[in-house]
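> Structure below; questions to follow.
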Amino acid sequence: MSSESNSKILNMSHLEDARNLAEAAIKEASDLDSLKSVRLSHLGDKSQLALANRELGKLPAADRAKFGAVIGAYRSELQEIFAAKQIELEALRDELILQSEKEDVSLATLAIDRGGIHPLTATMNRIIEIFTAMGYQVDEGPEAEAEVLNFDALNIPANHPARSMQDTFYLSSDYPGVLLRTQTSPVQIRSLINRELPVYVISPGKVFRSDDLDQTHTPVFHQVEGLVVDKGIGMAELKGTISHFAKEMFGSDVETRLRPSYFPFTEPSAEMDVFFNGRWVEWGGCGVVNPRVLAAVGIDPTVYSGFAFGMGIERTLMFRNGVTDMRDMVEGDIRFTKMFGVIS
Amino acid sequence: MKAPLTWLSEFIKTDSQITASLAAAAFTQLGFEIEDIVETGAGLSGDIRIGRVLEIEELTEFKKPIRFCQVQVGPAPTDINGIVCGASNFRAGDLVVVALPGSVLPGDFSISQRETYGKISNGMICSLRELGIADDHSGILVLEDDFEVGSDAVSSLALKDSVLDLAVLPDRGYALSIRGLARELAMSLNAEYVDPVSRVEKIEEAKSKAITAQISASQDCTALHLSTLDGFDPDAVTPWEIRRKLMLAGMRPVSLAVDVTNYVMLELGQPLHAFDMSKVKGAISIRYANPAEMLETLDHQNRMLAQTDLVVADELKALSLAGVMGGVDSEISENTKEIVLEAAHFSATRVAETARRHVFSSEASRRFERGVDPAIAIAASDLACQLLITHGGAQFTGRDSVAVPLQQTTIDFDFTKFIEIAGYDLDLQVVFDVLQNIGCEIDADLVKVTVPTWRPDLLTTNDLAEEVLRVTGYDKIPSKLPSAPAGRGLSADQRTLQQIRTYLAANGLSEIINYPFESDENIYQFGDLPSSELVKLSNPLSEEEPYLRNSLLPGLISALKRNFGRGNSDIAVFEIGKIFLPNQGKDMPPLDFPLSKEKLAQIDQVLPLQPLMVGVVLTGRQRPWSPIASEISWNWSDVINVVGSILHQFSVPYETRYAEAKGFHPGRTAEFWSDGTLLGIAGELHPKLQENLAAPNRIGIAQLNLSEILKLLPETLSAVPLSNYPIAKEDLAVVVAEEIPVAQLLSCITELDISELESFEVFDIYRGDQVPVGQKSVAVALRFRSSSHTLTTEEITEFKAKILQQLQTKFGAQLRQ
């Protein structure tokens, strides 16, 4: 009885059938769950090959070795096939999970809301960057400033017509001789007093003139001024500096020109124009520092000379970035800043 | 300054035609901006003639008076046209301008024969406006008897001209005259210049003087010439050519005496004043006004004079504000037969101050302020007298003059400096030529340059250099880049400010820049300050906003309001700007130069304090809707977070405390402190203010003092080696009284300074059944790590015990079971 059943299980062709059935079952498995049941029925303790293996002891020694080798080989072959199938099905499972997790990624960007740096600040920062790269320092000063520094030290004595060129905000009688600076030039005086020569500075900041707000005027606006005091500085150095500056601001092909003008604190003085978008645009004023200004801060004008230049940032923004209404810059409308983001 | 080209050309000798565009280009290069070029008479064409009115028939049957005139329009006795005219300012015998049928007037107005008012009208008698010369349309143009009947009016009246409107810079007073401008133009065109002064005929001095001149304010008046004339015909007509020039230069002809003074002023640059001599009592002197002295000026304003105002006065009273404006009482009238003509030189600063005090700028004051040639008063007086004699039938009766001898400015000739200022090798000959052309004299040794009297602006080598450069052309100057010493880039403060801006922008906030002007009402939203605590303007733009902001918060609220008004209720903005706080209020130190560091320090002590602040306002949605990230609204904690994180990012140590501040929600507002210094405040806007704004959402608002924060920035951070020993994670939950702020528990742990405590954070706050009423459980996750070994259980237990102990001692905390 037992030898019959032995012979039935321990039969070469039966073993081969069992192996082939197992292989086919593994290969047919379509997912990890079915693969698991294939493993139980074809590779587990109750599989035909396992059962045959258990019967080996009943065989004569010579048969035992022969059948044992065959069963062992079949089982390890099937293990390999199974392992390969397992890897394949796991990859498939992972793939399906990833597929099922697919989203509309464009939706994510809907939730972005950007902030921004005010374009006036950004433009000033850009200018600062250009000049610090050339070795300049940045100086700032108070907005409520001494009249002496805003006018007298800049060669604008009391009753000078230049004082009536600009309408000035004066502080109340609690602060005699104090005004809201009408230009960033008083910072030049501070720089020349506080710094060692030579001086290469740029001063950005707010200035005030009592104009009513309209499309092209604002009582509070921004200027950037540059000042150099060194030995052997003249109009040529001024022209070179401005021309470099303009190219950085407006593009490497932009042209600049100087026209004679008048400022009490420079002599010779000039208006500077840039040729931008097909027309000459007035950009700012400049000139060789008036020797009286140097003398006012105790610098010997026979040894040192310098140049200064300045321009309005609102105006720069208007023609450089196409802002058509000054009110947009000053009314705190969030849409204006957002338009620019952090770009300068 | 409006300069007719024909007038300029009178003083320039050249064979070539000076066109308007040529002149404009020359002036532009020289530094005179061309504001406008007006071509007068440009629209005139066809037959426009001088005619004589022979007969006038008054037509009375119409609503307004109408005249039918017989006008002789040609040399032959038969050249008579009947012309209907609506004006009545002329008499038979007058010379007028007639536009004949077929002619065209400006504005494409064609004249033709037509029937009107029952008459055939053969042409039109023209007014100044119709001829395109001036705006005057009060009547037709009546000419003096110096023109040939039938001659071409356009050429004989010089109706076609080009008027250059030039912007004259404030230092170029000499250019407020035809004399000065013609000199510039001649120089630029390389043509010979004829000084109009050289053409003035000298008046023969009369033996007796009719009036005495005195100067008692010699500081501010260096010359006074009083010429007297009598027998003046008050009805004398101003010659057309003078009227034409005045009108083209933008002045209105008034009467011969007044027109002559204006004409001489325009041509030579010297303001003159004519008085009715019959109204003058005794000598005329230049003096300062008496206390409370009054003067009714020509604009019919009764002005209270200041004692620094300079006046021209007779023995009794002030006659005029010197160099600014005449007085009504001594004004030339239609009956004036005797004239006193004043030609004087007043100081620029005195005239400027008076003109400013009286808020009045006249043609005269504009010139004196910018500098009048002090040598020209006599010539101007001569020219005016000659014109009054020639055209007004007057006789010169005498002159009295008081004048200080002229001091001419000399400047050392420093060619090296010229080259330094120019930045390139100027030609010595060119420098010479320019200086001579503008009127300078250079001595033979090339040592001194003597400046002409009409150029008081030329005082230094720099001034002379500008002249040379502007005449030779700024475009000749080469471009050179100076080399600055090695730079140090931005200061730490400047760098930090840029980073803070970027940081806030990256967090979705937008920068705005508000005006610093504030009203009581706005300021009081956030404080009950007495106005003495505020810095005020003496001349604010608006009376409602006289204060300089003492805080950024009111401005932020106003900006919020504007944004709401424009339909935007989702706002996240920040502002970085200065505020203005009172200083001790010392007096400004006396002015003396040169300025020094000490002086600057004194000045700075007087200026209002101006700390730099950052303000933040957050309200509404933080971001737009998206199905993925749910929409979140800004709440009270976000604003505290945003400004707190600035401090955090820049490693500024701080603690928060409850704040009670006007304008803020009393239970949702924190103050930021660092070592006894208040750094700022952040929290929810008081709901009452939110209601006032009709804001749909709660509003977070904050302000930090950046000036204080910048002082607290660490200079250089030192790195701590990163330990790779294992981390020990422990949780600790304690029960404390509800009112104890959690941040205080945490800072209490920090204070223990356990070096092995790498980090810790709150991970749960529980209130409920398991803790007593009025208390809360705070759970803290602690992370310990040693830099030298793996921590033992005993060590960790000890640390925890130490922390618990500290919390128990300070806050009565109990370990949560």
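Readers should treat all values here as calculations from the given coordinates under stated rules, not as data from a laboratory. Quick caveat, the model's predicted, so the values are computed rather than measured. Virtual Cβ from ideal backbone geometry, glycine too; neighbours counted across all protein chains shown.
> Among the chymotrypsin sites (Phe, Trp or Tyr not before Pro) in region B:74-181, which ones are in a DSSP loop with at most 14 other Cβ atoms within 10 Å of the Cβ? Mind listing them? Please report the intermediate quantities before stating the final value.
Numbers: sites: B:Phe90, B:Phe109, B:Tyr117, B:Phe147, B:Tyr174; in loops: B:Phe90, B:Tyr117, B:Phe147.
In loop regions of region B:74-181 (DSSP not H, G, I, E or B), the sparsely surrounded chymotrypsin sites (Phe, Trp or Tyr not before Pro) are B:Tyr117.
> Let me ask something else about it. Would you please name the chymotrypsin sites (Phe, Trp or Tyr not before Pro) within region B:7-84 that are DSSP coil residues with at most 12 other C-beta atoms within 10 Å of their C-beta? Mind dumping the intermediate values first?
Details: sites: B:Trp7, B:Phe11, B:Phe27, B:Phe32, B:Phe62, B:Phe68; in loops: B:Phe11, B:Phe32, B:Phe62.
Those that pass, being in a loop and sparsely packed, are B:Phe62.
> Run down the lysines and flag those whose C-alpha is under 24 Å from the C-alpha of B:Lys160, throwing out any fewer than 8 positions away in its chain.
Filter leaves B:Lys2, B:Lys13, B:Lys245.
> Order these by the 10 Å Cβ neighbour count, fewest first: B:Val652, B:Val194, A:Val105.
Working: B:Val652 19, B:Val194 16, A:Val105 8.
Placing the least packed residue first, the sequence is A:Val105, B:Val194, B:Val652.
> Kirkwood Rh, region B:406-478, all Cα pairs: how many Å?
On the way: mean 1/r = 0.0815 Å⁻¹.
Roughly 12.3 Å, rounded to one decimal.
> On to the next question. Would you mind working out the magnitude of the charge dipole of chain B relative to its Cα centre, with +1 at each Lys and Arg C-beta and -1 at each Asp and Glu C-beta, to the nearest 20 Debye? Walk me through the intermediate numbers first.
Values: 71 positive and 111 negative charges, 399 e Å.
Value, rounded to 20: 1920 debye.
> Starting from the Cα gyration tensor of the protein assembly as shown, multiply each eigenvalue by 5, take the square root, and state the resulting semi-axes largest first in whole Å. Walk me through the intermediate numbers first.
Numbers: eigenvalues 1572, 299, 198 Å².
Semi-axes from the Cα gyration tensor: 89, 39, 31 Å.
> Among A:Val105, A:Ala91, A:Ile128, pick out the residue whose Cα is farthest towards the positive end of the charge dipole of region A:86-183, where Lys and Arg carry +1 and Asp and Glu carry -1 on C-beta, about the Cα centre.
A:Ile128
> Taking only DSSP H segments of four or more residues, each worth -39500 (n - 2.57), what value at 222 nm results for chain B once the sum is divided by all its residues, to the nearest 500 deg cm²/dmol? Walk me through the numbers before you get to the answer.
On the way: 22 runs with 221 residues, N = 817.
One gets -8000 deg cm²/dmol as the mean residue ellipticity at 222 nm.
> Please report B:Glu148, B:Glu61, B:Glu655 as a ranked list, fewest other C-beta atoms within 10 angstrom at the top and most at the bottom. Write out the running numbers ahead of the final one.
Working: B:Glu148 12, B:Glu61 7, B:Glu655 17.
Least to most surrounded, the residues fall as B:Glu61, B:Glu148, B:Glu655.
> Between the alpha-carbon centers of region A:199-238 and region A:38-106, tell me the distance in whole angstrom.
One Cα centre to the other: 84 Å.
> Here are some pairs, A:Lys247/A:Lys338; B:Lys578/B:Lys810; B:Lys729/B:Lys776; B:Lys662/B:Lys800; B:Lys448/B:Lys480; A:Lys239/B:Lys711; which of them have Cα atoms lying more than 32 Å apart in this structure?
Details: A:Lys247/A:Lys338 27 Å; B:Lys578/B:Lys810 40 Å; B:Lys729/B:Lys776 23 Å; B:Lys662/B:Lys800 42 Å; B:Lys448/B:Lys480 30 Å; A:Lys239/B:Lys711 39 Å.
Over 32 Å Cα-Cα: B:Lys578/B:Lys810; B:Lys662/B:Lys800; A:Lys239/B:Lys711.
> Of all DSSP beta bridges located in chain B, what percent are antiparallel, nearest 5? Don't jump to the answer; show the numbers that get you there.
Values: 137 of 142 bridges.
Taking every DSSP beta bridge within chain B, about 95 percent pair in antiparallel fashion.
> Most mobile of A:Glu80, A:Glu140, A:Glu267 per a Gaussian network model of chain A (Cα springs, under 10 Å)?
A:Glu80
> Just need log10 I(q)/I(0) for region B:238-349 at q = 0.11 Å⁻¹, Debye formula, equal scatterers on the alpha-carbon atoms, no solvent, rounded to two decimals.
-0.36
> Right, here's the next one. Counting Lys and Arg as +1 and Asp and Glu as -1, each charge on the Cβ, what is the dipole of region A:226-321 about the Cα centre in debye, to the nearest 20? Kindly include the intermediate steps, with their values, before the conclusion.
Numbers: 9 positive and 11 negative charges, 20 e Å.
In total the dipole reaches around 100 debye.
> Then there's this: List the residue ranges in chain B for DSSP H helices whose C-alpha atoms run 24 angstrom or more along the long axis and whose Kyte-Doolittle average is -1.0 or above.
Details: long enough: B:793-811 (27 Å, -0.57).
Correct list, ordered by number: B:793-811.
> Let me ask something else about it. How large is Rg over Rh for chain B, taking Rg from the Cα atoms and Rh as the Kirkwood inverse mean of 1/r across Cα pairs?
Result: Rg/Rh = 1.17.
> Right, another one. Which of B:Ile603, B:Ala719, B:Ser759 sits closest to the plus end of the dipole of the protein assembly as shown, meaning its Cα is farthest towards the positive end, when Lys and Arg get +1 and Asp and Glu get -1 on the C-beta?
B:Ser759
> Calculate how large, on average over all directions, the projected area of the Cα convex hull of region A:114-183 is; give the answer in nm² to one decimal. Intermediate results must be reported in sequence, preceding the final value.
Numbers: hull surface 29.4 nm².
In nm², the orientation-averaged hull projection of region A:114-183 is 7.3.
> In whole angstrom, how far apart do the alpha carbon centroids of region B:577-619 and region A:111-127 sit?
Measuring centre to centre over Cα atoms gives 28 Å.
> As I understand it, the dipole of region B:311-358 uses +1 on the Cβ of Lys and Arg and -1 on the Cβ of Asp and Glu, about the Cα centre. Which of B:Met325, B:Val340, B:Thr354 lies farthest toward its positive end?
Value computed over the given set: B:Thr354.
> When N is the residue count of region B:672-817, what does its C-alpha Rg come to as a fraction of 2.2 N^0.38 Å? Could you put the intermediate results ahead of the total?
Values: Rg = 19.9 Å, N = 146, 2.2 N^0.38 = 14.6 Å.
Against the compact-globule rule of thumb, the ratio is 1.36.
> Taking the Cβ-Cβ separation of B:Thr28 and B:Asp135 as r and a Förster radius of 30 Å, what is the calculated FRET efficiency to the nearest 0.05? Please report the intermediate quantities before stating the final value.
On the way: r = 28 Å, r/R0 = 0.93.
With a Förster radius of 30 Å, E is 0.60.
> If you don't mind, there's one more thing I want to ask. Would you give the gap between the C-alpha center of region A:264-302 and the C-alpha center of region A:174-189, rounded to a whole Å?
If we compute the Cα centre of each part, the gap is 19 Å.
> While we're looking at this one, here's another question. Placing +1 at every Lys and Arg Cβ and -1 at every Asp and Glu Cβ, with all other atoms neutral, what dipole size does the protein assembly as shown have around its Cα centre, in debye to the nearest 20? Kindly include the intermediate steps, with their values, before the conclusion.
On the way: 105 positive and 160 negative charges, 580 e Å.
Using Cβ point charges on Lys, Arg, Asp and Glu, the protein assembly as shown gives about 2780 debye.
> Neighbour counts of other C-beta atoms within 10 Å: give me B:Val73, A:Val303 arranged from fewest to most. Present the calculation step by step, with values, prior to reporting the outcome.
Working: B:Val73 21, A:Val303 9.
Ranked by crowding around the Cβ, least crowded first: A:Val303, B:Val73.
> Among B:661-674, B:414-427, what's the highest-first ranking by average C-beta atoms within 10 angstrom per residue? Mind showing how you got there, number by number?
Details: B:661-674: 18.8, B:414-427: 17.1.
Ranking the peptides B:661-674, B:414-427 by packing returns B:661-674, B:414-427.
> Let me ask something else. Once you treat every alpha carbon in region B:298-434 as an equal point and sum by Debye, what is log10 I(q)/I(0) at q = 0.14, 0.20, 0.21, 0.22 Å⁻¹?
The Cα Debye sum returns log10 ratios of -0.82, -1.30, -1.37, -1.43.
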